[in-house]
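S.K.: Sending over a structure as C-alpha cells; questions will come in a sec.
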Amino acid sequence: MAFVSPTKRDQNGSYTFSSRPRPVEDRSKYREPPSEQTQSNYGNIMYDRRVVRGNTYAQQIIPTTALPDPVEVQRQQEIRRRTVAAKRAREQCRTRTPEALQGRKHIDVQTDLYLEELSDVIVASDIECQTDAFLDKPATPLFIPATSGKDVETQIEEGELFDFDREVQALLELLVGKTVEQSLEEVMEEEELAGLRAQQRAFRELRNNELEEVLRLKEQERRRSKEKERRVAQQKEVLRKEREVAEKIAARAFTQQYLADLLPAVFTSLRSHGYFYDPVEKDIETNFFPWLMAEVNNSLEKRYTARALLDTIIDDVAQKRQEAFKDTQ
Amino acid sequence: MAGSPYDPSRAPVAYGRRAVPQLFSELQQQEAPRRLRALASLCDLLRDPERISCTVSGGFLEQLKVLLKDEDSIVRAKTCELLHLLTAHRIGRQALLSSSFLPHLSELMDDSSSSCRRNVQRVLNRLTLMPAGAEALLTLVPKLMLKLREEEEDVQVLLLSTLSSCSCLDPLPALASDGVSLLLHKLSDSSTDIRREATAALMALSVCEDGMRQVCEEEEVLPVLVDLLRDEDVEVQANAAGVIMYAAITNEGKQQCLDLDVIPILLSLVSQDGEEEKDKERKKALVMYSLRALTALAEAPQGRCLLLEQLPLLGRRSEAAEEDQDIRRNAQNAVRVITWTPCNTGEL
C-alpha cells in the first residue's frame, strides 16, 4: 500500500527514511467493509474535509487526546449553553423599533441632501495615458572656441608635485628624533644615577670591610689591654698579699719573742711594785711600822727638844759667861 | 612629547632659552588644569641638565615651594615629581638643600594623597646621594622611622634606603628612636627589596658600640639574621653577614653567634664550589663579610677550636690562585687570627 522503502541504516549508521510521493486518499465517513478496503479512491484535496481552510490564527486546536476529557466536554457544553442563553437574553432585552401599524410597512429611506442611487455597480471610467517613448537626444556639438594666443600644454606626472616619501622624511625624523632624544636623556640620567649608586655601594663595601677590621682590632686591643691590666693588678695583689703575709710573720715572730718573757717580767715588776704581798708583812708595814716610826719619832722628838733645850741652856749659859767675861775684861 | 600642540596634557613649550621661564610664568596662573599642563611639560624638559641649571640660576625654586602647598593633590604630586627630577643632578640637589625645602617636604610626608607621599620619599632618597644631603636629613630620621610603620611596601623600600644612607653617616638618631626593634619586624618581610634594605640599614646601625650592644641584647635579632644567611637573594645574605660581622666584635655577640651555630653556615658561604664568573662579582661582598665574621668569631676559644679544623678551606682562599685581592687579604687575615698563639704576639 505504501511505497515506503525499507528503513535502512546509512553507511555512517544514521537513520534514513524515504518514500515515493503518493496522492492522498479520499476518506469516506463510514468505514468500508474490510473486503473493499483495498480499493483506493483519490479525491480532490481541495474538497477534502481533513484540510483546514482559511485563517488558522484563531483556530481551535484539536486536543491531542482522542477521547476528550468528560469533565472538559461537560464544561465546554456548559459554556456553549451559557453563551447561547446570554445571547438570547441580550436579544430579548434589546429595544427594537416598534412593529409597523396595520396597513403600513417599514422601508429604509435616505435622508441626505442629495439622494444617491444605491446600486452595486460603481460607475467607473477607464482612462489611459501613455508618454511617448524617449527619442535619443542627438550629441551636442563640441564647443571649440576660436584659438587666440599660444597654445601651451603642461601635464603633472605621478611623482612631480608631491613626493610622499621625501616630505614625510622630515616629519618622521622630527618625531622619531625628539622621542629618541627624550628617551636617551632619561636613560642617560638613569644610568648616571645607577653608576653613582654602584660606586657608592662599592665604596661602602670596602669601607665596611675596613671599618670592621678597625673595630675588631680596637675591640681586641681593648680586651687585651683590659686583660693585661687585670693580670698586672692580679700580680700586684699577689705581691701585696705576700708582703703582708711576710710582715705578719715577722710581726708575729717578734711579738712572740717580745712577749716571751712578758709573763715573768710582769710578775717581777708586779712583785717589785709590791702587788704580791705578804699580808702579815704588809700589815706590819702599814700599821706597825708607821706607829713604830711615829713613836720613835716622838721619842726622838723628845730627845731633840731636850737637846734643843739643852742647847739653849748651854747657849744661854755660854752667853752669860761670855758677857760675864766681857764684863770682867 | 613636550610642546606638541596635539598633546592635550602638556602646555606648549617656547623655543630655546625662553622655554623654562615661560613655563614657570604659566605656573602662576589661577586655573589648576593649566598649571598641571605646565608641570607636565616641565617634567619632560627638566631631564636635560642644562634646563636644570637654567631653573636653578633663574631662581624659580621659590615658586615650587608655593606649589607644594597647593590644594589640588595632583599638582602637589607633580611638583614633587619635578623635585625628584631636579635631584637627579648635583646642581639640583645643592639648590634644594640651600633653598631650605626640607621643612616643606617633611610637612608633605603627612599628605593625604599616596602618590604625593611616594614622590616625597623619592626626593628624600635621591638627596642622600650627597653627603651634605644625608647630613641634613639626619634631623628628619625620627619622623622617617614613624612613617616606616604606616606606609605601603614600595614607599617602605625608599624609606629604608634613605635611613640606611643617613645612618652610614651617623647612626645615633636612628638608634635613639628604637631603630633596631623596628627593623627587626622588617627583616622577616616577604618582599626581597624590603629585606635587603632593612638588613643594609641594620648594618649601618650596628657600626657604633651602642648599636652592637642593642643588636646583641634584642632577643630575636641574631636568630633571624642567621636565617637570612640562607636567603635566596645575594645582597640580603651579604648584608646579614655584615651585621653578624659587626655584632661578633663584642663578647656577647660572639657568644650568641656561637650558640646559634653560625660557623658552618659562614663556611659554606665562603667555600668556592661551583661558582661561576658572574656570580663572583656579586658575591664578593658576601665572601668578604663572611670572612670578617669568621675572623671575629675566631677570637673566641670555641670558635677557634671549630675553625682550626677548617683551616684548609680558608687556606685555599688565601692563596695566590684567588684573583680578588681583597678576598685574599681577608682570608690571610682570618688564617692569621685563627693560628695566633701568645708566643708569636710580635707578628700580630
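S.K.: So if a site counts as exposed when it's one of the GluC sites (Glu not before Pro), its DSSP state isn't H, G, I, E or B, and it has at most 11 other Cβ atoms within 10 Å, what's the longest stretch of chain A without one? Present the calculation step by step, with values, prior to reporting the outcome.
M.R.: On the way: sites that count: A:Glu99, A:Glu116, A:Glu117, A:Glu128, A:Glu153, A:Glu157, A:Glu158, A:Glu160.
No qualifying site falls inside A:161-329, the longest such stretch.
S.K.: Right, here's the next one. Work out the charge dipole of the protein assembly as shown with +1 on the Cβ of Lys and Arg and -1 on the Cβ of Asp and Glu about the Cα centre, then indicate which of A:Ser18, B:Ser177, B:Leu294 is farthest towards its positive end.
M.R.: A:Ser18
S.K.: Ratio of the protein assembly as shown's C-alpha Rg to 2.2 N^0.38 Å, to two decimals? Could the numbers behind the result be given before it?
M.R.: Details: Rg = 66.0 Å, N = 677, 2.2 N^0.38 = 26.2 Å.
Normalised Rg, Cα atoms only: 2.52.
S.K.: When chain A is treated as a GNM, springs tying every alpha-carbon pair under 10 Å, which of A:Ser19, A:Ser299, A:Ser125 comes out with the largest mean-square fluctuation?
M.R.: A:Ser19
S.K.: Quick check: the angle from helix A:289-328's long axis to the longest principal axis of chain A, C-alpha only, nearest 10 degrees?
M.R.: Approximately 50 degrees, to the nearest ten.
S.K.: What shape does chain B take by its C-alpha gyration tensor, where a ≥ b ≥ c are the square roots of the eigenvalues and a/c under 1.5 counts as rounded, a/b above b/c as prolate, and the rest as oblate? Kindly include the intermediate steps, with their values, before the conclusion.
M.R.: Numbers: a/c = 2.98, a/b = 2.36, b/c = 1.27.
Cα axes put chain B in the prolate bin.
S.K.: Within the range B:7-60, list the GluC sites (Glu not before Pro) lying in a DSSP loop whose Cβ has at most 13 other Cβ atoms in a 10 Å radius. Working shown, then result.
M.R.: On the way: sites: B:Glu26, B:Glu31, B:Glu50; in loops: B:Glu31.
Here the sparse-neighbourhood loop sites are B:Glu31.
S.K.: Given springs between every Cα pair under 10 Å in a Gaussian network model of chain B, which of B:Cys80, B:Cys257, B:Cys208 has the largest fluctuation?
M.R.: With Cα springs under 10 Å in chain B, the top fluctuation among B:Cys80, B:Cys257, B:Cys208 is at B:Cys208.
S.K.: Using Cα positions and a limit of under 30 Å, work out the lysines in reach of A:Lys302, with same-chain residues fewer than 8 apart set aside.
M.R.: The reachable lysines, counting only those whose Cα sits under 30 Å from A:Lys302, are A:Lys282, A:Lys320.
S.K.: Follow-up question, since we're still on this one. Taking the Cα centre of chain A as the origin, how large is its charge dipole in debye, to the nearest 20, when only Lys and Arg (+1) and Asp and Glu (-1) carry charge on their Cβ atoms?
M.R.: Working: 52 positive and 60 negative charges, 688 e Å.
The dipole of chain A has a size of about 3300 debye.
S.K.: Counting residues in the range B:144-195 as N, plug N into 2.2 N^0.38 Å and put the Cα Rg over that result.
M.R.: Relative to the rule-of-thumb radius for its length, the range B:144-195 sits at 1.05.
S.K.: Between B:Arg329 and A:Val238, what FRET efficiency follows from the Cβ-Cβ distance if R0 is 45 Å, with the result rounded to 0.05?
M.R.: Given R0 = 45 Å and the Cβ-Cβ separation, E is 0.60.
S.K.: Hey, got the dipole for the protein assembly as shown? About the Cα centre, +1 on K and R Cβ, -1 on D and E Cβ, debye to the nearest 20? Can you show the working numbers first?
M.R.: Working: 91 positive and 113 negative charges, 475 e Å.
In debye, rounded to 20, the protein assembly as shown gives about 2280.
S.K.: Now a separate question. Find out how many positive minus negative residues lie around B:Ala298, taking Lys and Arg as positive, Asp and Glu as negative, among other residues whose Cβ is under 10 Å from that of B:Ala298. Don't skip to the answer; put the middle values down first.
M.R.: Values: positive: B:Lys254, B:Arg304, B:Arg336; negative: B:Glu299.
For residues surrounding B:Ala298, the net value is +2.
S.K.: If the only charges are +1 at each Lys and Arg Cβ and -1 at each Asp and Glu Cβ, what is the size of the charge dipole of the range A:159-252 around the Cα centre, to the nearest 20 debye?
M.R.: Details: 21 positive and 24 negative charges, 583 e Å.
Using Cβ point charges on Lys, Arg, Asp and Glu, the range A:159-252 gives about 2800 debye.
S.K.: When B:His104, B:His89, B:His185 are ordered from fewest to most other Cβ atoms inside 10 Å of their Cβ, what list results?
M.R.: Values: B:His104 17, B:His89 21, B:His185 13.
Ordered by Cβ neighbours within 10 Å, fewest first: B:His185, B:His104, B:His89.
S.K.: Arrange B:Leu127, B:Leu148, A:Leu161, B:Leu260 by Cβ neighbour counts within 10 Å, fewest through most, would you? Walk me through the numbers before you get to the answer.
M.R.: Details: B:Leu127 26, B:Leu148 21, A:Leu161 7, B:Leu260 15.
So the residues, fewest neighbours to most, are A:Leu161, B:Leu260, B:Leu148, B:Leu127.
S.K.: If you rank A:Trp291, B:Trp340 by fewest surrounding Cβ atoms within 10 Å, what's the result? Let's see the in-between values first.
M.R.: On the way: A:Trp291 10, B:Trp340 15.
Arranged by neighbour count, lowest to highest, A:Trp291, B:Trp340 become A:Trp291, B:Trp340.
S.K.: Now for a separate question. Do any chymotrypsin sites (Phe, Trp or Tyr not before Pro) in the range B:8-85 lie in a DSSP loop with no more than 13 other beta carbon atoms within 10 Å, and if so, which?
M.R.: On the way: sites: B:Tyr15, B:Phe24, B:Phe60; in loops: B:Tyr15, B:Phe60.
Answer in residue order: B:Tyr15.
S.K.: Here is a follow-up. What do you get for the angle between helix A:164-260 and the principal long axis of chain A? Use alpha-carbon atoms, 0 to 90 degrees, nearest ten.
M.R.: The helix A:164-260 is inclined about 20 degrees to chain A.
S.K.: I've got another one for you. First select every other residue whose beta carbon is under 11 angstrom from the beta carbon of A:Leu215; then total the charges, Lys and Arg +1, Asp and Glu -1. Working shown, then result.
M.R.: Values: positive: A:Arg216, A:Lys218, A:Arg222, B:Arg292; negative: A:Glu210, A:Glu212, A:Glu213, A:Glu219, A:Glu221, B:Glu209.
Neighbour charge sum, excluding A:Leu215 itself: -2.
S.K.: Quick check: the angle from helix A:70-93's long axis to the longest principal axis of chain A, C-alpha only, nearest 10 degrees?
M.R.: 70
S.K.: In nm, to one decimal, how far is the modelled label at A:Gln155 from the one at A:Arg81, with both set 7 Å along Cα→Cβ?
M.R.: So the label points at A:Gln155 and A:Arg81 sit 10.3 nm apart.
S.K.: Counting only other chains, and only Cβ atoms inside 10 Å, what mean value do you get across the residues of A:215-221? Kindly include the intermediate steps, with their values, before the conclusion.
M.R.: Working: counts 11, 11, 2, 2, 10, 5, 0.
Taking all residues of A:215-221 together, the mean is 6.
S.K.: What's the center-to-center distance, using Cα atoms, between the range A:296-314 and the range B:306-343 in Å?
M.R.: 124
S.K.: Right, another one. Pulled fully out, how much extra length does the chain show between A:Asp69 and A:Leu175, if you take 0.36 nm times their separation in residues and subtract their Cα-Cα distance?
M.R.: Numbers: separation 106, 0.36 × 106 = 38.16 nm, distance 8.69 nm.
Extra length from A:Asp69 to A:Leu175 when fully extended: 29.5 nm.
S.K.: Let me ask another. Counting only other chains, what is the mean number of Cβ atoms within 10 angstrom of the Cβ of each residue in peptide A:196-205?
M.R.: 3
S.K.: Quick one: of B:Lys254/B:Lys280; A:Lys226/B:Lys254; B:Lys143/B:Lys186; B:Lys143/B:Lys284, which pairs are farther than 23 Å apart, Cα to Cα? Before the final figure, lay out the partial values.
M.R.: Values: B:Lys254/B:Lys280 28 Å; A:Lys226/B:Lys254 18 Å; B:Lys143/B:Lys186 17 Å; B:Lys143/B:Lys284 35 Å.
Those over the limit are B:Lys254/B:Lys280; B:Lys143/B:Lys284.
S.K.: Further, regarding this structure: Rounded, prolate or oblate, given the Cα gyration tensor of the range A:48-160, with a/c below 1.5 counting as rounded?
M.R.: On the way: a/c = 4.82, a/b = 2.05, b/c = 2.35.
Oblate.
S.K.: Now a separate question. Rounded if a/c is under 1.5, else prolate if a/b beats b/c, else oblate: with a ≥ b ≥ c from the C-alpha gyration tensor eigenvalues square-rooted, which is the range B:19-129?
M.R.: Values: a/c = 1.59, a/b = 1.01, b/c = 1.58.
Oblate.
S.K.: Right, something else. Taking A:Lys228 as the anchor, which lysines have their alpha carbon closer than 19 Å to its alpha carbon, excluding any fewer than eight residues away along the same chain?
M.R.: By straight Cα distance, A:Lys228 reaches A:Lys218, A:Lys236.
S.K.: What is the sum of charges around B:Asp170, taking Lys and Arg as +1, Asp and Glu as -1, for the other residues whose C-beta is under 14 Å from the C-beta of B:Asp170? Before the final figure, lay out each step's value.
M.R.: Numbers: positive: none; negative: B:Glu135, B:Glu209, B:Asp210.
Here the count lands on -3.
None of the figures in this text is laboratory data; all of them are computed from the coordinates on show. Model, not experiment: these values are computed from the prediction. Neighbour counts are summed over all protein chains in view; Cβ atoms, including those assigned to glycine, are modelled from backbone coordinates with ideal geometry.
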